[in-house]
Amino acid sequence: MKVLMISGSYPNMKCGVGDYTKVLANFVNKTGIGIKVLTTKNEKVVSDGICEPAILNWNLQCIKEIYNYVNKNNINIIHIQYPTKGYGYKIGINLLPLYIKMKDMVFQKRIRIITTLHEFSQSHILRKISIIPLVLFSDKIILTNDEEKKIILKLFLFLMKDKFEVINIGSNILPDKSSENNENKLYTNNHTISYFGFIRPDKGLETLLRAIVLTKVYTEDDFKLNILAELDDSDEYHCKIRNLLKQLNINKNKIKITGYLTESQVSEYLKASNLCVLPYRDGLTYRRGSFIASVVHNVPVLSTYTKLTSPDLLEIFRDYLVKPNDVVGLSRNIDKFFYDMEYRNKLIAKTNQIKNLFDWEKIADKHKSLYYGLGLRD
């Protein structure tokens, strides 16, 4: 069996879905399935033996380029990752499944198509409309959590439910095996909080900074807030964060903005953390890579909830979530984590409870089963 995964982005292009695609392809290859990733021809893309950086533009012309690649390499399954930053606003990839199905009818071929939809519920209405051909003409649609599946089923009532599969995403930042056996760092009387991810208005860093100065733990001599991200002075929002830091007069010895970090460096910071605080404006969901990375590194998370938060996540973490922009509530939960042992230990246990959902080997096995479930064999 030959699988061609398509992603408009691939490391080192900055895109979470591109990073996810690389890790997924590596783990799927380990299951014995031959997989390549067709991606954008971009100077940032690092050759790793898996990716094929060949597409200059994802407009309609790319459809023919992809089809020629598929024929030349005897591809059985096309697996599209959507959306990615690399596609831009071009619709070539959206129409690819329709084109493939039409060609199959003419030449009596049997190329199967799978599309993984990331962040469907968060998409702009125009992007939702553009996704329609992908949904209609793909043989299988993968969603990354149950809530996404429920939302898309409501919009496509006429399609069979078994067309849609749920496979959780894993973390793009992989811990080494030694991190699994780390002792709980809290018992060293350390008070280290981490925040990481791209700094954007929807990530809630402003809320965290305002909350920190209200906490008791901030007064501890060994308190440290590590912001695992970079601030770009040409970015208006980043300048706003810098101004807020000055306004709050946060002790410079107690806060560190790391700048850009490699994945292994992020992993090291996470392993040295007691807690991650991620106060997303749209609430905690299974699509949040920073949340997942924290969990697989055994680091508990305090966050937020909205109507977009999956009911099971809300049920599990209810006492550890506040509404977005609730500065006082967030500060209260941070202090409870460090000074209320029962509260803390329950969160640690809940973190361990969901960790297996994000195991890459299990995720890869689910993909392998899905590929073979389409009726294709080696």
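The values are calculated or read from the model by the stated rules, or taken from the named source; none is laboratory data. Values in this document were obtained by computation on a predicted structure and should not be read as measured data. FYI the Cβ positions are ideal-geometry reconstructions off the backbone, even for glycines, and counts take in every protein chain you see. Side chains included, ligands, DNA and RNA excluded: accessible areas come from the protein's heavy atoms. Shrake-Rupley method; radii C 1.70, N 1.55, O 1.52, S 1.80 Å.
Descriptive notes on the structure:
- Every test in (1) surrounded by fewer than 21 Cβ atoms within 10 Å (Cβ to Cβ); (2) closer than 26 Å to residue 373 by Cα is passed by residue 39 save one, and that test is (1).
- Filtering the range 211-228 to residues that are in contact with a Ser or Thr (Cβ under 8 Å, 6 or more places away or on another chain), farther than 21 Å from residue 270 by Cα and among the charged types (D, E, K, R) leaves nothing.
- If you go through the range 267-284 and keep only what is assigned to a loop (DSSP other than H, G, I, E, B) and either among the aliphatic types (A, V, I, L, M) or open to solvent by 10 Å² or more (accessible area, probe 1.4 Å) (or both), you end up with 272, 281, 282, 284.
- Residue list for the range 133-142, restricted to those being within 22 Å of residue 169 (Cα to Cα) and either surrounded by fewer than 16 Cβ atoms within 10 Å (Cβ to Cβ) or out of contact with any Ser or Thr (no Cβ under 8 Å at 6 or more places or on another chain) (or both): 139
- The single condition among (1) of a type outside the set (A, V, I, L, M, F, W, C); (2) more than 23 Å from the chain's Cα centre (by Cα); (3) closer than 22 Å to residue 16 by Cβ; (4) at pLDDT below 95 that residue 85 does not satisfy is (2).
- Contacts under 8 angstrom Cβ, first residue in the range 338-356 being under 22 Å from residue 218 (Cβ atoms) and touching a residue at least 12 places away in the same chain (Cβ under 8 Å), partner assigned to a helix (DSSP H, G or I) and open to solvent by 60 Å² or more (accessible area, probe 1.4 Å), 6 or more apart: 343/319; 343/336; 344/336
- Summed over the range 313-326, residues that are open to solvent by 30 Å² or more (accessible area, probe 1.4 Å) and either touching a residue at least 40 places away in the same chain (Cβ under 8 Å) or not aliphatic (A, V, I, L, M) (or both) total 7.
- The range 23-53: number of residues that are in contact with an Asp or Glu (Cβ under 8 Å, 6 or more places away or on another chain) and free of Cβ contacts under 8 Å to residues at least 60 places away in the same chain: 4
- Residues in the range 219-253 that are within 24 Å of residue 298 (Cβ to Cβ) and within 30 Å of the chain's Cα centre (by Cα) were compared, and the one that is most open to solvent (accessible area, probe 1.4 Å) is 224.
- Selection within the range 166-194 - under 30 Å from residue 28 (Cα atoms), modelled with pLDDT of 85 or more and hydroxyl-bearing (Ser, Thr, Tyr): 171
- The residues of the range 24-36 that are in a helix (DSSP H, G or I), touching a helix residue (DSSP H, G or I) at 6+ places or on another chain (Cβ under 8 Å) and open to solvent by 20 Å² or more (accessible area, probe 1.4 Å), listed by number, are 27, 30.
- The one condition in (1) more than 26 Å from residue 147 (Cβ to Cβ); (2) touching a strand residue (DSSP E or B) at 6+ places or on another chain (Cβ under 9 Å) that residue 263 fails to fulfil: (2)
- Count - residues of the range 91-132 that are in a helix (DSSP H, G or I), modelled with pLDDT of 95 or more, of a type outside the set (A, V, I, L, M, F, W, C) and open to solvent by less than 30 Å² (accessible area, probe 1.4 Å): 3
- Residue in the range 155-164 that is open to solvent by less than 20 Å² (accessible area, probe 1.4 Å), closer than 23 Å to residue 17 by Cα, under 25 Å from the mean Cα position of the chain (by Cα) and at pLDDT 95 or above present: yes
- Long-range neighbours under 6 Å by Cβ, at least six apart or interchain, first residue under 20 Å from residue 11 (Cα atoms) and modelled with pLDDT under 90 within the range 251-272, second surrounded by 11 or more Cβ atoms within 10 Å (Cβ to Cβ) and of a type in the set (Asp, Glu): 260/230
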